[in-house]
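Inspection log for the structure reproduced underneath, given as structure tokens.
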Amino acid sequence: MPRRPTLLESSYAVPDDFAGLVRRWRGDAIEILFGYVWRGFDSLLSDPQLKFDEDAENIERGITQCVCQRIRDAMQGKPPFYLEHHPFEDESRATAPAAPPAPDLAFVFRANPRATLPLEAKVLHTDGSVGDYVREIMANFLECRYAPFSSEGGMLGYLLKGVPSRALKNIAVSLDCELVSHPAFADRDHACSHHERMVADHPHAPPYFTCHHLIILFGKTS
């Protein structure tokens, strides 16, 4: 049975690349966007009420839920995007009643909400336990299940034990590619990798993709 169009698909045209759209607003829009993310995590980590117990149930979901509003609070003025928790990626959905893919967070372009820049979170129990994190990139970002209308996206690594720079090195080895420190965040554990994507089934997806890797230490440095 063919897919019927969703409300967004009926209402909005196929969008241009999210990264290109926001850069028309400001050339440094992506840096501003990820600056909001980092400030949200700064706020979260400075909250004395929150106890980051690595044995807590659903810690990944709990951290993401707690940081979502803090990122929103960090956003100044009215940029051309807003932050959404678990938005659906209609473009890469299977036929109903299957649920569409849904990244943990995404920045959504106000003028055309089909264009999003997703952020996916993964707990790293140690700086060497990067398997699930890398599989998320390969299966979702590079297969265009996430970010079908964006040439950029982000991974949030919640590190519970270890050294963030070591986690980034292990991610680079597992991805078999270079991770380059982002110059706008030289004092952060923020690096980027560049990839060619599988776009045969997604003709509107940008074929080249930049993945931002943000490693946030919630536990102990070993």
Seminar exercise, completed: The answer for residue 149, listing residues at least 5 apart or on another chain whose modeled amide H is closer than 5 Å to its amide H, is 116
For this session: Note the full-extension length gain between residue 166 and residue 198 as 0.36 nm times their separation in residues minus their Cα-Cα distance, in nm to one decimal.
Result: 8.6 nm
Seminar exercise, completed: Applying the gyration tensor rule to the Cα atoms of region 35-108 (axes a ≥ b ≥ c; rounded if a/c under 1.5, else prolate if a/b exceeds b/c, else oblate), the class is oblate
Exercise. Based on DSSP H runs of at least 4 residues, each adding -39500 (n - 2.57), what is the mean residue ellipticity at 222 nm of the chain after dividing by all its residues, to the nearest 500 deg cm²/dmol?
Worked result: -8500 deg cm²/dmol
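Placing unit charges on C-beta atoms (Lys and Arg positive, Asp and Glu negative, everything else neutral), compute the dipole magnitude of the chain about its Cα centre in debye, rounded to 20. Walk me through the intermediate numbers first.
Values: 23 positive and 30 negative charges, 88 e Å.
With only Lys, Arg, Asp and Glu charged at Cβ, the dipole is about 420 debye.
Over region 76-222, what is the relative contact order in percent, taking alpha-carbon pairs closer than 8 angstrom and at least six residues apart?
Once divided by the residue count of region 76-222, the mean separation gives 23 percent.
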Problem set entry | Candidate values (1) 18.8, 62; (2) 20.2, 62; (3) 17.0, 53, label of the one derived for Rg and Dmax of the Cα atoms in Å | (3)
Exercise. If you keep only loop residues by DSSP, which trypsin sites (Lys or Arg not before Pro) in region 17-77 have at most 15 other Cβ atoms within 10 Å of their Cβ?
Worked result: 26, 51
Exercise. Got a sec to turn the phi values of region 185-194 into Karplus ³J(HN,Hα) couplings, 6.51 cos²θ - 1.76 cosθ + 1.60 with θ = phi - 60°, whole Hz, x for Gly and Pro?
Worked result: 10, 4, 8, 10, 8, 9, 10, 10, 10, 10
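Got a number for carbon plus sulfur as a percent of the chain's accessible area, 1.4 Å probe? Let's see the in-between values first.
Working: 5540 of 10900 Å².
Carbon and sulfur together cover 51 percent of it.
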Seminar exercise, completed: Too long for a 26 Å Cα-Cα cut-off, among 51/169; 51/122; 51/161, are 51/169
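For the chain, what proportion of DSSP beta bridges, expressed in % and rounded to the nearest 5, is antiparallel?
The antiparallel proportion sits near 55 percent.
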Problem set entry | For residue 12, distant residues with modelled amide H under 5 Å away | none
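With every protein chain left in place, what is the accessible area per residue of region 41-170 in square angstrom, probe 1.4 Å? Before the final figure, lay out the partial values.
Details: 5650 Å² over 130 residues.
Heavy-atom accessible area per residue stands at 43 Å².
The values are calculated or read from the model by the stated rules, or taken from the named source; none is laboratory data. Treat the numbers as computed from the prediction; the structure is a model and nothing was measured. FYI the Cβ positions are ideal-geometry reconstructions off the backbone, even for glycines, and counts take in every protein chain you see. Note: accessible area is taken over every heavy atom of the protein model, side chains too, but ligands, DNA and RNA are not part of it. Shrake-Rupley method; radii C 1.70, N 1.55, O 1.52, S 1.80 Å.
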